[in-house]
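The structure under discussion appears below in the form of structure tokens.
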Amino acid sequence: MGETGTDTGTKAGGDGGDAVPRLGGAVRRRRRTLDLTLAEVARRTGLSVPFLSQIENDRARPSMRSLQRIADGLGTTAVELLGAADATARPVDVVFARDDTGLSPDAGVRPLVRGQRRLHALEFTGEQQDDREFLHPGDELMYVADGAAEVVAEGRVHQLHRGDTLYLAGGVRHRWRSTRPGTRVLLVAVSENPTADQTASPPH
């Protein structure tokens with residue numbers, strides 16, 4: 001993906017589930033809340049105005065990398081934008097494997113929790129690079145379902161294999177990457193949004 005905003009994403013369109021997440025609407029609402037123009041977001045992210053406009057109008061699907069750049073430019077996270085893309089807040093909710101994510105088909109990321117909740121969960125498949133450092137205020141759990149992954153946290157390198165888990169307390173800087181083809185990693189984290197899931201029933 002270059003500075004002009006060329007992305008590996010595809011044109012939007014649903015192919016499963018009972019509702020297509022409006023990721024573009026979530027991006028547009030956040031941008032307008034900050035009173036930013038598309039040109040200002042383009043300067044912050046290095047993506048082109050036409051590409052950002054296509055995303056906001058759900059005519060293009062960003063990769064996870066592009067979404068992270070957009071989230072950085074809007075002072076939020078990719079996970080929060082994904083959650084805001086779907087207003088669903090059912091006390092019991094099933095996310096099917098075929099459900100549309102709003103991301104490009106080759107993004108290698110699938111949200112496992114729909115809407116803005118107290119917990120976030122993502123499934124990462126395929127190659128994942130460690131060129132980005134993460135710092136979350138909430139706790140996080142990583143589970144390697146298949147393959148292997150390497151996590152660097154607080155200066156220590158942790159090699160994880162199928163069936164292994166890693167717990168990260170909030171505030172721990174970390175980065176990770178897959179180290180084997182076909183790796184599948186599940187990440188579960190406490191929401192960074194204190195107002196998330198207000199319409200859902202409290203836990204038993």
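Odds and ends about this structure:
- If you go through the range 96-108 and keep only what is more than 18 Å from ALA26 (Cα to Cα) and in contact with a strand residue (DSSP E or B) (Cβ under 7 Å, 6 or more places away or on another chain), you end up with just GLY108.
- Meets criteria (of a type in the set (A, V, I, L, M, F, W, C), out of contact with any helix residue (DSSP H, G or I) (no Cβ under 9 Å at 6 or more places or on another chain) and in a loop (DSSP other than H, G, I, E, B)) for VAL157: no
- Some residue of the range 116-125 being among the small types (Gly, Ala, Ser), in contact with a strand residue (DSSP E or B) (Cβ under 8 Å, 6 or more places away or on another chain) and more than 24 Å from GLY171 (Cα to Cα): no
- Counting the residues of the range 23-60 that are surrounded by 18 or more Cβ atoms within 10 Å (Cβ to Cβ), within 17 Å of SER104 (Cα to Cα) and among the basic types (Lys, Arg) gives 0.
- Single residue of LEU38, LEU52 found to be of a type outside the set (Val, Ile, Thr), at pLDDT 95 or above and closer than 29 Å to ARG177 by Cα: LEU52
- Looking at SER191, SER178, just one residue is closer than 21 Å to ARG69 by Cα, surrounded by 14 or more Cβ atoms within 10 Å (Cβ to Cβ) and touching a residue at least 60 places away in the same chain (Cβ under 8 Å), and that residue is SER191.
- Residues in the range 61-92 that are over 28 Å from ARG177 (Cβ atoms) and at pLDDT below 90 were compared, and the one that is surrounded by the fewest Cβ atoms within 10 Å (Cβ to Cβ) is PRO91.
- Count - residues of the range 1-22 that are surrounded by 20 or more Cβ atoms within 10 Å (Cβ to Cβ) and modelled with pLDDT of 50 or more: 1
- Output for the range 122-142, where each listed residue is over 14 Å from GLU80 (Cβ atoms), modelled with pLDDT of 90 or more, crowded, with 17+ Cβ neighbours inside 10 Å and not charged (D, E, K, R): PHE124, THR125, MET142
- Any chance GLY108 is surrounded by 14 or more Cβ atoms within 10 Å (Cβ to Cβ), in contact (Cβ under 8 Å) with a residue 24 or more places away in the chain and not assigned by TED's automatic domain parsing to the domain that holds THR183: yes
- Summed over the range 64-88, residues that are farther than 15 Å from ARG22 by Cα and not in a helix (DSSP H, G or I) total 4.
The values are calculated or read from the model by the stated rules, or taken from the named source; none is laboratory data. Everything numeric here is computed off the predicted structure, so don't read it as measured data. All Cβ positions, glycine included, derive from the backbone under ideal geometry; neighbour counts span all protein chains shown.
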